[in-house]
Amino acid sequence: MTGVMETADLSFPLARECPFSPPKEYKEIREAEPISKVGLPDGTWAWAITRHEDVRAALSDPRFSADRTNPNFPMLVQGQRQNQNPDFEKTILSMDAPEHGPARRAVLGEFTVRRMEALRPRIQEIVDERVDAMLAADGEIDLVAELSLPVPSLVICELLGVPYSDHDFFQVRTAAMLSRTRTPEARREAFDGVVGYLDKLVTTKEAAPSDGDLLGRQIIKLREEGTYHHGKLVSLAFLLLVAGHETTANMISLSTLALLRNPEQLAIIKADPGKTLVAIEELLRYFTIVDAATARVAVADVEIGGVTIKKDEGILALGYSANRDPSAFENPDELDIDRGARHHVAFGFGAHQCLGQNLARMELQIVIDTLFKRIPELKIAVPETELPFKDDAFIFGLYALPVTCE
Amino acid sequence: MKIIADTGRCVGAGQCVLTDPEVFDQTEDDGTVIVLVSEPMGAAADHARDAVHICPSQALSLVE
Ligand code: SF4
């Protein structure tokens, strides 16, 4: 290879330049050599794909496999390879066609736009209760602990039929699994803990499945079809539980912070709550908290953006870079809630695009509208430089966000 | 202009429904796309173009 970026010149993961900007190298490679080789923690390398157009092309191309059990799948952390636990079935995240479509569709009906709308009153109730608790507390409180984490955790627990009283158990373990700095053993232990817990829960539900929750409904439906499989439901429960709370929680914290530090943008929503959904698309684009999760491995030679990626080579389709690509978004580093950013790739792109995206949108919308309406005097209680950002995790966010309510 | 939907490719993310719920819907059962207005006009036609662009799975296309 020629050009400024030789193999291993850049090693992943790269640090965000500041909490509000992607690693500065993204811009450099996007301009100089938009598809270039980068080093991975295990000493191998992968192609980093940085342009919006190329990221979309790569993620919708079936010649790139999402199978994390493929020995050539690029791994951002050592010891990350799935199926370390041989009893753990592949999740839909890791499936390719033709296995993927039917497995995704089996649960898709639970996440349609209309189904999510039906959940709106209950989510509003949950948010109201959390905001009541914030208002009842005197002085400084942590928005992450009081609002950002409990709202999506309560919602996903109710939807799945997981007792919320166990939330500490899986929140602690999810955080450990998603950390880049824990040892492979510690992550494995956390993973096994959550899988073991869900294995027991699913077994209990199998004895008397209720149509009042998603896991129960899956058991009933798949048994009727004759396709029910215990291990597959445990994997699905795992994916939905882990993906369902940590991601949305981080977007709630970061969105609150971003709106408080851009009062002119916040004023737009306050004046017209009809703008909140548009604002959320822009906030999703601006933060792109799950940046390099969209790794793939080529199962055939593929040409993308003038570069031939050979069979068995890995790619990292960098959503954060794509979402700050000036050819797709004018002045991409500016937060501009009016821009209409719906074509961002913060939920990924292609067949694996986030299943829970409309639930996430609704939770964010209800939280933002309710929070700023009921607590107009909300303020960050510490200087920005003291905020604990998650620089060491796969999913970007905040560990805590101290605020005052009056 | 006519909207063509390939439900075999659809991954049911509902981006089309969010773009214009009067033109698109999703099945209750497996969440795949239903085209409510196959030949949209005016603003609905613009929304259909947006939906084609945003759809993550290239399940939607237009015959102009
Ligand atoms: S946006 Fe595309 S993939 Fe999503 S529901 Fe509509 S047609 Fe299907």
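Observations, loosely collected:
- Inter-chain Cβ neighbour count for B:2-8, averaged per residue, equals 0 (cutoff 10 Å, partner chain atoms only).
- Rounded, prolate or oblate (a/c below 1.5 giving rounded, otherwise prolate when a/b exceeds b/c) for segment A:136-206 by Cα gyration tensor: oblate
- Taking the number of Cβ atoms within 10 Å of each Cβ as an exposure proxy, the fewest-first ranking of A:334, A:246, A:53 is A:334, A:53, A:246.
- Rounded to two decimals, the Cα-based Rg/Rh of segment A:139-262, with Kirkwood Rh, is 1.04.
- Peptide A:109-116 is shielded by partner chain Cβ atoms: per residue, an average of 6 of them sit within 10 Å of its Cβ.
- Residue with peak Gaussian network fluctuation, chain A [Cα springs, cutoff 10 Å], from A:43, A:244, A:193: A:43
- Cα centroid separation - segment A:131-152 against segment B:1-50, whole Å: 39 Å
- For the pair segment A:203-219 and segment A:236-275, the centres of their Cα atoms are 31 angstrom apart.
- Extents of segment A:257-350, taken as max minus min of Cα coordinates on every principal axis and listed largest first, are 53, 22, 21 Å.
- Listed residues A:109, A:201, A:163: farthest to the positive end of the dipole of chain A (Cβ charges): A:109
- Largest GNM mean-square fluctuation among B:31, B:14, B:42, using chain B with Cα springs under 10 Å: B:42.
- Site-free segments of chain A were taken between trypsin sites (Lys or Arg not before Pro) in DSSP loops having at most 13 other Cβ atoms within 10 Å, sites themselves excluded; the longest one is A:1-309.
- 18 Å Cα-Cα reach of residue A:24 towards lysines, excluding residues that sit fewer than 8 places from it in its own chain: A:37, A:390
- Here, segment A:342-406 has an Rg and a Dmax of 15.4, 45 Å when only alpha carbons are counted.
- Shielding by partners, peptide A:354-364 (average Cβ within 10 angstrom, other chains): 2
- Taking the Cα centre of the protein assembly as shown as reference, the dipole from Cβ charges on Lys and Arg (+1) and Asp and Glu (-1) amounts to some 740 debye.
- Note on chain A: GNM, Cα springs under 10 Å; of A:201, A:284, A:236, the largest mean-square fluctuation is that of A:201.
- A Förster radius of 35 Å, combined with the Cβ-Cβ distance separating residue B:2 from residue A:61, puts the computed FRET efficiency at roughly 0.85.
- A full extension of the chain between residue A:169 and residue A:223 corresponds to an added length of 16.5 nm, given 0.36 nm per residue minus the alpha carbon distance.
- For chain A, the Kirkwood estimate of hydrodynamic radius, built from reciprocal distances between every pair of different alpha carbons, is 22.0 Å.
- Spherically averaged projected area in nm², based on the convex hull that wraps the Cα atoms of chain B: 3.6 nm²
- Neighbour-count order for B:1, A:251, fewest beta carbons within 10 angstrom listed first: B:1, A:251
- Percentage, to the nearest whole number, of Cα pairs in segment A:175-327 over 22 Å apart: 64 percent
- Computed from the Cβ-Cβ distance with R0 of 35 Å, the FRET efficiency linking residue A:382 to residue A:200 stands at 0.30.
- Integer Hz, Karplus 6.51/-1.76/1.60 couplings in order for segment A:214-224, x for Gly and Pro: 4, 5, x, 4, 5, 4, 4, 5, 6, 5, 4
- Averaging the sequence gap over all C-alpha pairs within less than 8 Å and six or more residues apart, then dividing by the number of residues, gives chain A a relative contact order of 25 percent.
- Angle between chain B longest axis and helix B:42-54 axis [Cα atoms, degrees, rounded to 10]: 40 degrees
- Converting the Cα gyration tensor eigenvalues of segment A:292-406 into ellipsoid dimensions via √(5λ) gives semi-axes, longest first, of 35, 17, 15 Å.
Values quoted throughout were computed directly from the atomic coordinates according to the rules given, and no laboratory measurement underlies them. Remember, it's a predicted structure, so these values are computed and weren't measured experimentally. Virtual Cβ from ideal backbone geometry, glycine too; neighbours counted across all protein chains shown.
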